[in-house]
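Visitor: Take this structure, written in structure tokens, and hold onto it; I'll ask about it next.
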Amino acid sequence: MTDGYADRVRRLTALRGCATVLSGARPPSVAEQLDTIRAAAPDELLPDFYGEGGAVEAVERRVAELLGTEAAVFFPSGTMAQQVAMRYGAELTGRSGVGLHPLSHPLLHERDAYAVLGGLRAVLTTPAPRNPTDEEVAALDEPIGTLLLELPLRDAGFVLPAWDELVAVVGAARDRGARVHLDGARLWESTVHLGRSLAEVAGLADSVYVSFYKSLGGHAGAALAGSADLVRYARAWRHRYGGTIFQQWPAALAALAGLDRELPRLAGYVGHAKTVAAALAGLPGARVHPAPPHTHQFRLWLPHPAGALNDANLALAEEERAWFVGGWQDTDVPGVAMAEVTVAGPALEFDAADVVELGGRFLRRVTAA
């Protein structure tokens, strides 16, 4: 066991033991996860076999209905699903260029798979920490087969465009003969800011990827949704990428449970995130972005080193059974650290005064260290 793994287990154990949690949720044990998927499984349900039947097909039907698409296909990971979507766009249009934001998931978190495995080329859409505008897409100096839009753009602070801006940028891509793919790992909670239903948002694009674990609490897995032609193509390439696994019913059942349990709650989390963010912004030296948050997640900066903040949060959890915010990282500004805040079910117990009170207890530990 590595020191990193041991530290992670310690943090998760501390979080599980907390009576109050401001950011995130208590991680379920394996036994608790088994209880969840057992409750989601009808007694007569049979396993899926290589992507056919069972809970896998039930998830695919559910996603297609929610997004208003002709079909959807289950993938073991979003990285794999997006490789297939971008490859499809290149083959259909004959263009290997993909419009990508420098902070997009394919560029930051997938080890250049789009280029190494797909032979595709990134065409950067904008240096700004937001999704591109229609003017920026219209001005791209290279042709693209696919424009990938990450909704929300996580590494810019979970930021979203306005609905009219999104419609305009999709129109600009169409004018250039490009397909539009939505990286919707967190699309579920984006509908509040956009003011439209999941089907209306997905209806703007040619393909959409959604995740089952980032906001829905599933084990793993993703879906790629779009036309029937896209899904037939995706099934073939899922097999080639090694994603047609013998049985995936545990992940599929957890996805169904998340769609039933967490999806209806996300709008409430998004609304409450505004209260939490405003309260956190009042702490000494604090800054939040965006203000107000576009989803139930946002960034928080404090004028202290990340190590001191993480130590204080762990001590607070272990000694007082209260979790403030974890996962602090140092920034380019010396002595200033940043963390991502996730407002989920446990945070609904906090009003603004509770947030300030817990923040004060946390900061007293930081300054006393």
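The values are calculated or read from the model by the stated rules, or taken from the named source; none is laboratory data. Note that the structure is a prediction, hence the values are computed from the model and not measured. So basically every Cβ, Gly included, is an ideal-geometry build from the backbone, and we count neighbours across all protein chains shown. Accessible surface is based on the protein model in full, side chains and every heavy atom, while ligands, DNA and RNA are left aside. Shrake-Rupley method; radii C 1.70, N 1.55, O 1.52, S 1.80 Å.
Visitor: If you build the Cα gyration tensor of the stretch 231-271 and take the root of 5 times each eigenvalue, what three semi-axes come out, in whole angstrom, biggest first?
Guide: Numbers: eigenvalues 178, 36, 10 Å².
Gyration-tensor ellipsoid for the stretch 231-271: 30, 13, 7 Å.
Visitor: May I ask you to give the average projected area over all directions of the convex hull of the Cα atoms of the chain, in nm² rounded to one decimal? Mind showing how you got there, number by number?
Guide: Details: hull surface 74.8 nm².
Dividing the Cα hull surface by four gives the mean projection, 18.7 nm².
Visitor: Classify the stretch 80-236 from the C-alpha gyration tensor, please: rounded if a/c falls under 1.5, else prolate or oblate depending on whether a/b exceeds b/c.
Guide: Working: a/c = 1.31, a/b = 1.05, b/c = 1.24.
Rounded shape, in that the Cα axes give a/c under 1.5.
Visitor: Taking the Cα centre of the chain as the origin, how large is its charge dipole in debye, to the nearest 20, when only Lys and Arg (+1) and Asp and Glu (-1) carry charge on their Cβ atoms?
Guide: Taking the Cα centre of the chain as origin, the dipole is about 360 debye.
Visitor: Could I ask something else about it? Post the alpha-carbon centroid distance, the stretch 65-137 to the stretch 141-169, in whole angstrom.
Guide: That distance is 11 Å.
Visitor: Which values, in whole Å and largest first, are the semi-axes of the equivalent ellipsoid of the stretch 173-220 obtained as the square root of 5 times each eigenvalue of the Cα gyration tensor?
Guide: On the way: eigenvalues 101, 37, 9 Å².
They are 23, 14, 7 Å, listed from largest to smallest.
Visitor: Right, another one. Of Gly145, Gly195, Gly218, which is the most mobile in a GNM of the chain whose springs link Cα atoms less than 10 angstrom apart?
Guide: Gly195
Visitor: Separate question: In terms of the ratio Rg/(2.2 N^0.38 Å) built on C-alpha atoms, what value belongs to the stretch 250-369? List each step's numbers first, then the result.
Guide: Numbers: Rg = 15.3 Å, N = 120, 2.2 N^0.38 = 13.6 Å.
Scaled against compact globular proteins, the figure is 1.13.
Visitor: How tilted is helix 352-368 with respect to the longest principal axis of the chain? Cα atoms for both, answer in degrees (0 to 90, nearest 10).
Guide: For 352-368 against the chain, the angle is about 70 degrees.
Visitor: Let me ask you something else. Please report, as a whole percent, how much of the solvent-accessible surface of the stretch 49-124 comes from carbon and sulfur atoms (probe radius 1.4 Å).
Guide: Details: 1620 of 3160 Å².
Roughly 51 percent, rounded to a whole number.
Visitor: What's log10 of I(q)/I(0) for the stretch 30-116 at q = 0.14, 0.23 Å⁻¹, Debye sum over Cα points only, no solvent?
Guide: -0.72, -1.17
Visitor: Write down the percent of antiparallel bridges among all DSSP beta bridges whose residues are both part of the stretch 121-240, to the nearest 5. Show your work: numbers first, answer last.
Guide: Details: 6 of 15 bridges.
Restricted to the stretch 121-240, the bridges split so that about 40 percent are antiparallel.
Visitor: Right, another one. Starting with the highest mean, order 99-108, 228-237 by the number of other Cβ atoms within 10 Å, averaged over the residues of each peptide.
Guide: Values: 99-108: 21.8, 228-237: 18.1.
Taking the mean over residues of other Cβ atoms within 10 Å, the ranking is 99-108, 228-237.
Visitor: Now for a separate question. Can you give the extra length, in nm with one decimal, that the chain gains between Tyr5 and Leu117 once fully stretched, where that is 0.36 nm per residue apart less the Cα-Cα distance? Provide the component values of the computation, followed by the final result.
Guide: On the way: separation 112, 0.36 × 112 = 40.32 nm, distance 2.97 nm.
Additional length available on full extension: 37.3 nm.
Visitor: Let me ask you something else. Taking all protein chains as present, what is the carbon and sulfur share of the accessible area of the stretch 278-325, in % to the nearest whole number, probe 1.4 Å?
Guide: Working: 1000 of 1890 Å².
Exposed carbon and sulfur together represent 53 percent of the surface.
Visitor: If you don't mind, there's one more thing I want to ask. When ligands, DNA and RNA are left out and all protein chains stay put, how many square angstrom of accessible area per residue does the chain have with a 1.4 Å probe? Mind dumping the intermediate values first?
Guide: Values: 15980 Å² over 369 residues.
On a per-residue basis, the chain sits at 43 Å².
Visitor: Mind listing which chymotrypsin sites (Phe, Trp or Tyr not before Pro) in the stretch 7-86 are in a DSSP loop and have 15 or fewer other Cβ atoms within 10 Å?
Guide: Tyr50
Visitor: Cut-off 10 angstrom, C-alpha nodes, Gaussian network model of the chain. Which of Thr191, Thr36, Thr342 fluctuates the most?
Guide: Thr36
Visitor: How long is the gain from Val167 to Thr367 if the chain were fully straight, where each residue apart is worth 0.36 nm and the alpha carbon distance is subtracted? Kindly include the intermediate steps, with their values, before the conclusion.
Guide: Working: separation 200, 0.36 × 200 = 72.00 nm, distance 4.74 nm.
Contour length minus Cα-Cα distance gives 67.3 nm.
Visitor: Quick one: angle between helix 228-240 and the longest Cα principal axis of the chain, in degrees between 0 and 90, rounded to 10, please.
Guide: 70 degrees
Visitor: If you don't mind, there's one more thing I want to ask. Does the stretch 295-365 classify as rounded, prolate or oblate by the C-alpha gyration tensor (a ≥ b ≥ c root eigenvalues; a/c under 1.5 gives rounded; else a/b over b/c gives prolate, otherwise oblate)? All intermediate terms of the calculation are to be shown ahead of the outcome.
Guide: Numbers: a/c = 1.90, a/b = 1.28, b/c = 1.49.
Oblate is the answer for the stretch 295-365, as a/c is 1.5 or above yet b/c matches or exceeds a/b.
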